[in-house]
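Structure, as structure tokens:
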Amino acid sequence: IDGRGFHILTPVLESTALSKAAGTRVYMKLENVQPTGSFKIRGIGYFCQEAAKKGCKHFVCSTGGNAGFATAYAARKLGVPATIIVPTSTPQATVQKLEEQGVWDDAHVQALALAETEGWVSVHPFDHPLIWQGHASMVRELKDLLGHKPGAIVLAVGGGGLLAGVVAGLQDVGWQDVPIVAVETKGADSFNAALRAGRLVTLPEITR
């Protein structure tokens, strides 16, 4: 029920270098070995599976990054067409990888119109409960593979989908008391800004 068949169980390995630097054991969950190269296939795979069950006829995703790859991969596995919208500045190599999954670039305005077509579903890169639920599978694996409760979990925050999924996963396995260290790129730290303001905020610009 969490994208199984699309994502794989990834290993948890101790990093000697990071353990030495931190003065404690540091383990890494190697999501880079997923079929699409990132954790995104967990949540987006699950989202796409659920959408397909409800009769989705076409997926639309407005990103050429990892979410785009995950959408293209899941769509191909499900036998459902997908349109991936990428900026004109996207490297040709990235576009080629997306095309290999059987998708094509399209104008953004046209894609938004298509997403409103009956049977078409827009795949958000990170902001949907089903995506968070799929990402939560990572923590369930971590509990099985690690064998004990970690002292803390360190993760990167972009849109917040991974963070939301890990929080959901910690609740699933009864590890609500495990602290999370959320790290952002300076110049794109919208989560930090929102926490400081106590509300949702929009950064005036991305300066990373």
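The values are calculated or read from the model by the stated rules, or taken from the named source; none is laboratory data. Predicted model only: the values in this text are computed from it and were never measured. All Cβ positions, even for glycine, are placed from backbone atoms using ideal geometry, and neighbour counts span all protein chains on display. Calculation scope for accessible area: heavy atoms of the full protein, side chains included, ligands and nucleic acids excluded. Shrake-Rupley method; radii C 1.70, N 1.55, O 1.52, S 1.80 Å.
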Heavy-atom accessible area per residue - the range 1-45, 1.4 Å, Å²: 55 Å²
Rg and Dmax of the range 129-208, Cα atoms only, in Å: 14.0, 44
GNM top mover of Gly160, Gly43, Gly187 - the chain, alpha-carbon springs below 10 Å: Gly187
Hull shadow area, averaged, the chain [alpha-carbon convex hull, nm²]: 13.1 nm²
Label-to-label distance, nm, for residues given as Thr94 and Leu146 (7 Å Cα→Cβ offset): 3.1 nm
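Which is the longest part of the chain that has none of the GluC sites (Glu not before Pro) sitting in a DSSP loop with at most 11 other Cβ atoms within 10 Å?
The answer is 1-115.
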Residue-span extension gain [Ala194 to Val181] - 0.36 nm each, minus C-alpha spacing: 3.1 nm
Helix runs (DSSP H) in the chain reaching 15 Å along axis by Cα, Kyte-Doolittle at least 0.0: 66-78, 161-173
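With an 8 Å cut-off on Cα pairs and a minimum separation of 6 or more residues, tell me the relative contact order of the chain in percent.
17 percent
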GNM top mover of Gly134, Gly45, Gly174 - the chain, alpha-carbon springs below 10 Å: Gly174
Accessible area (Å², 1.4 Å probe, nearest 10) - Lys53: 150 Å²
Rounded percent of accessible protein surface that carbon and sulfur make up, the chain, 1.4 Å probe: 55 percent
